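First up is the structure itself, then whatever we jot down about it.
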Amino acid sequence: MSDRPSRQPAAALPRPPLDVVQQWFQAVVTHPAGVAAGASSPAAQRLVRLDRGSLEQLVRRSRRLTAEQRLEIYANAYYARLLECLRDTFPALTRVLGAEAFDSFAFDYLQRYPSRSYTLYRLAESFPRFLDETRPEQSPAAGTAGPAWPDFLIDLATLELAIAEAFDGPGAEGEPLLAAADLLARRAGGDFAKARLAPVPCLRLLRFSHPVNAFYSSAMAMRSRQPVEPPGLLDTRAETAAADLPVPDPGAEHIALSRTDYVVRRYPLTPFEAAVLAALVAGATVGDAIAGAAAASELPDDELAAQLDAAFRRWTAAGFFRATTS
Amino acid sequence: MTTPPRLGYANLGLGVGLRAAHFDHILRHQPAVDWFEVISENFVDSGGRPRHVLRQIAERYPVVMHGVSLSIGSTDPLDFSYLGKLKKLAAEVDARWISDHLCWTGVLGSNTHDLLPVPFTEATLAHVAARVRTVQDFLERPLVLENPSSYVTFAHSTMSEWEFVSRLAEAADCGLLLDVNNVYVSSFNHDLDPDEFIRSLPHHRIVQFHLAGHADYVTHLIDTHDHHVVDPVWELYRTAHQLTGGVSTLLEWDARIPPFPVVHAEVLKAKHFMGERLPAPPPLPDIAPATTPPAPAAASRTPPQVPHPLHHLRPEVA
């Protein structure tokens, strides 16, 4: 944000036009190195040629504070506010990293993905992608097999972002949902295989390289007992908590995430169930979804049939599909 | 034609800012609150519980929508998609009016999510007044604008904040939300007289008051909304009440939020400053003071106080 080029010529003081003042102000108070560096940055200098010692030509001092100190109030608040918002969106990730380390990631994230929306609810939407884009190269000495520590962080961030989006996104509360009895009726009628099921808008299917779902539950339970304080409080409790919450070993995990009664709920899936659900969500008929998933599975047919039976009962109980089917 | 008091908007009485921490209490106990103000951005896009709760509350209480993202002072174009969402929600909850702040939040497409100050110049006045008129035409109702707390002023300003606000209200024919705490905070920060500020406004255009607590850093005050209203702000409120004849009054509490009865009791204290004969207010609940400045040794370990409102809700997960 602070280095955004401007086509405006550097303005003459003392009365720069409003757009120049605003672009300069934004460049200064959002600069990652603070107000003095912000005022000296090329982005700010292109707009208003003021060095650190002459800020009072544009911003008045008060009886108690210099212009630079007053601008720092905005600069501090900018990062404090957005970091607080990101910590709120990723509480388990904050727990596992500790607030200090989390804020370091989040601070860098804000440089690459500053908010461009009127709502803070979109602030975090690129954070998992940012973690992936900035993940450290895996050392050849460490071998290439299996996911690494960054994958766990990215998985956890992905889960937490999905939870936040499902919580306040569109849902299906109050709408008629597909019930187990509806499925039984379709099966009895012989046309179940041809049915296409309409997923509720809050249903999300997630695949992870680490078992982050149980980890998330543990982290949240720990958080309710022992909150992580924001950085700056020398909170040794966060370090203790992280030690009490070991990072799980790698292992594939499939999770369906949905919302009923305005509460987000998580449902572990077997790989076979995940394949069936993914096909159904993509619009396949029940028959095609099952056939495709079965063909990719090494489990015997009777085992798959048993899984399916139980799965459809769970999915209807969890309200994964609207009542309307075709 | 003479502008009617409060632009014809009703005096709703003593209200409380609706916060997620109080959702369950309000739905369960239906407290005798006169009205609620909601942060528009917490609800305009919500397809989940926040909007569901708001619908229920709007069935029982008058609701006012208070935004933080209009950015009326910005030189970026107005966001008509956002305005459309405001208009839709206002119709849905029968919002009595829509307010936001006399500020800007970002330029060049970015949003700092802060309420940033404008220079008080003729050019700014013309720019903002034109945008207010556009917004009012779109929303088909008068806009109500709040004086934000501010921490800088610009050397090239040519008028006081109260002159700017007064002339803007007349030029754009809009209403004012007088945040009494913000007057106190800004006046302290800019070495101004808060009493002169309040006395100099067009009182017939004041639709609503805000009250809130702030944090005292000795060299400056920050509008943190995390504590009780301090006595000097109550005294300013007394003055404002006398000058306006009384308008809708709303308490904001956005951080370190206490239980709802504490917040409600805080706004009810306003009755003692309206000239009503009432018993002495109850003693304050025990809340750690935010008005004590951090000791120098501790200052570096204390997270910065964030001016509020911070408009973000935590999800509920099973």
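Might you let me know whether the stretch A:87-106 holds any residue that is among the acidic types (Asp, Glu) and under 15 Å from the mean Cα position of the chain (by Cα)?
yes
Here are some residues: B:THR224, B:THR219. Which one is outside any helix (DSSP H, G or I), within 14 Å of chain A (Cβ to nearest Cβ), out of contact with any helix residue (DSSP H, G or I) (no Cβ under 9 Å at 6 or more places or on another chain) and not hydrophobic (A, V, I, L, M, F, W, C)?
B:THR224
With the condition kept exactly as written, say whether any residue in the stretch A:148-160 is of a type in the set (D, E, K, R), farther than 28 Å from A:PRO32 by Cβ and facing chain B (nearest Cβ under 10 Å).
No, every residue in the stretch A:148-160 fails to be of a type in the set (D, E, K, R), farther than 28 Å from A:PRO32 by Cβ and facing chain B (nearest Cβ under 10 Å).
Would you pick out the residues in the stretch A:55-72 that are touching a Leu at 6+ places or on another chain (Cβ under 8 Å) and within 8 Å of chain B (Cβ to nearest Cβ)?
A:GLN57, A:LEU58, A:VAL59, A:ALA67, A:LEU71
State all residues of the stretch B:168-188 that are crowded, with 18+ Cβ neighbours inside 10 Å, more than 24 Å from B:VAL16 (Cβ to Cβ) and touching a residue at least 40 places away in the same chain (Cβ under 8 Å); if no residue qualifies, say none.
Result: B:LEU168, B:ALA172, B:CYS174.
Between A:ALA256, A:ALA278, which is closer than 12 Å to A:PRO199 by Cβ, touching a residue at least 60 places away in the same chain (Cβ under 8 Å) and within 14 Å of chain B (Cβ to nearest Cβ)?
When all the criteria are applied, what remains is A:ALA256.
May I ask you to say which residue of B:SER81, B:SER157, B:SER110, B:SER166 is out of contact with any strand residue (DSSP E or B) (no Cβ under 8 Å at 6 or more places or on another chain) and away from every other protein chain (no Cβ under 12 Å)?
Going through B:SER81, B:SER157, B:SER110, B:SER166 in turn, just one is out of contact with any strand residue (DSSP E or B) (no Cβ under 8 Å at 6 or more places or on another chain) and away from every other protein chain (no Cβ under 12 Å): B:SER166.
Answer yes or no: is there a residue in the stretch B:234-252 that is part of a loop (DSSP other than H, G, I, E, B), among the hydrophobic types (A, V, I, L, M, F, W, C), more than 17 Å from B:ASN147 (Cβ to Cβ) and at pLDDT 95 or above.
No, every residue in the stretch B:234-252 fails to be part of a loop (DSSP other than H, G, I, E, B), among the hydrophobic types (A, V, I, L, M, F, W, C), more than 17 Å from B:ASN147 (Cβ to Cβ) and at pLDDT 95 or above.
Which of the residues that make up the stretch B:1-46 are in a helix (DSSP H, G or I) and either buried (at least 19 other Cβ atoms within 10 Å of the Cβ) or among the hydroxyl-bearing types (Ser, Thr, Tyr) (or both)?
First pass over the stretch B:1-46, keeping only residues in a helix (DSSP H, G or I): B:5-8, B:20-29, B:40-42.
Scanning the stretch B:1-46 gives B:ARG6, B:LEU7, B:HIS22, B:PHE23, B:ILE26, B:SER40, B:GLU41, B:ASN42.
Restricting to the stretch B:84-96, count the residues that are in a loop (DSSP other than H, G, I, E, B) and either buried (at least 24 other Cβ atoms within 10 Å of the Cβ) or within 12 Å of chain A (Cβ to nearest Cβ) (or both).
0
Consider the stretch A:193-225. How many of its residues are of a type in the set (A, V, I, L, M, F, W, C), away from chain B (no Cβ under 14 Å) and surrounded by fewer than 16 Cβ atoms within 10 Å (Cβ to Cβ)?
The qualifying residues number 1.
Please go through the stretch B:57-87 and give me each residue that is touching a helix residue (DSSP H, G or I) at 6+ places or on another chain (Cβ under 6 Å) and polar (S, T, N, Q), ordered by number.
Passing the criteria: B:SER69, B:THR75.
Residues that are β-branched (Val, Ile, Thr) and farther than 27 Å from A:ALA293 by Cα: does the stretch A:159-176 have at least one?
Within the stretch A:159-176, none of the residues are β-branched (Val, Ile, Thr) and farther than 27 Å from A:ALA293 by Cα.
Of everything in the stretch A:48-71, what is touching a residue at least 40 places away in the same chain (Cβ under 8 Å) and not in a loop (DSSP other than H, G, I, E, B)? Give them in sequence order.
Result: A:GLN57, A:LEU71.
For a quick check of your reading: which helices (runs of 4 or more DSSP H) sit entirely within the stretch A:216-326 and have at least 1 residues that are of a type outside the set (S, T, N, Q), farther than 28 Å from B:PRO315 by Cβ and modelled with pLDDT of 90 or more? Before you say what the answer is, go through the steps one by one.
Details: elements: A:236-243, A:271-281, A:286-296, A:301-317.
The helices (runs of 4 or more DSSP H) meeting that bar are A:271-281, A:286-296, A:301-317.
Here are some residues: B:VAL64, B:VAL33, B:VAL44, B:VAL53. Which one is in contact with a Gly (Cβ under 9 Å, 6 or more places away or on another chain), within 14 Å of chain A (Cβ to nearest Cβ) and touching a residue at least 12 places away in the same chain (Cβ under 8 Å)?
Exactly one residue qualifies, and that residue is B:VAL44.
Just checking, how many residues over the stretch A:166-181 are surrounded by 18 or more Cβ atoms within 10 Å (Cβ to Cβ) and either more than 9 Å from chain B (Cβ to nearest Cβ) or of a type in the set (A, V, I, L, M, F, W, C) (or both)?
5
Given (1) out of contact with any Leu (no Cβ under 8 Å at 6 or more places or on another chain); (2) within 22 Å of A:ASP155 (Cβ to Cβ); (3) surrounded by fewer than 21 Cβ atoms within 10 Å (Cβ to Cβ), where does A:ALA80 come up short, assuming only one miss?
With respect to (1) out of contact with any Leu (no Cβ under 8 Å at 6 or more places or on another chain); (2) within 22 Å of A:ASP155 (Cβ to Cβ); (3) surrounded by fewer than 21 Cβ atoms within 10 Å (Cβ to Cβ), A:ALA80 is out only on (2).
Would you point out the residue of the stretch A:107-121, among those that are part of a helix (DSSP H, G or I) and facing chain B (nearest Cβ under 9 Å), that is nearest to B:THR112 (Cα to Cα)?
Restricting attention to the stretch A:107-121, the residues satisfying the condition of being part of a helix (DSSP H, G or I) are A:107-112, A:120-121.
Filter once more, so that each one left must be facing chain B (nearest Cβ under 9 Å): A:120-121.
Values: A:LEU120: 10, A:TYR121: 13 Å.
Looking at the filtered set, the residue picked out is A:LEU120.
It is to be established whether one or more residues within the stretch A:181-191 are touching a residue at least 40 places away in the same chain (Cβ under 8 Å), more than 19 Å from A:VAL247 (Cβ to Cβ) and of a type in the set (A, V, I, L, M, F, W, C). Steps first, answer last, please.
First, pick out the residues of the stretch A:181-191 that are touching a residue at least 40 places away in the same chain (Cβ under 8 Å): A:182-183, A:186.
Narrowing the set further to residues that are more than 19 Å from A:VAL247 (Cβ to Cβ) leaves A:182-183, A:186.
After this cut, where a residue has to be of a type in the set (A, V, I, L, M, F, W, C) as well, the list is A:183.
Yes; the residues of the stretch A:181-191 include at least one that is touching a residue at least 40 places away in the same chain (Cβ under 8 Å), more than 19 Å from A:VAL247 (Cβ to Cβ) and of a type in the set (A, V, I, L, M, F, W, C).
The values are calculated or read from the model by the stated rules, or taken from the named source; none is laboratory data. As the structure is a computational prediction, the values presented were derived from the model and not from experiment. So basically every Cβ, Gly included, is an ideal-geometry build from the backbone, and we count neighbours across all protein chains shown.
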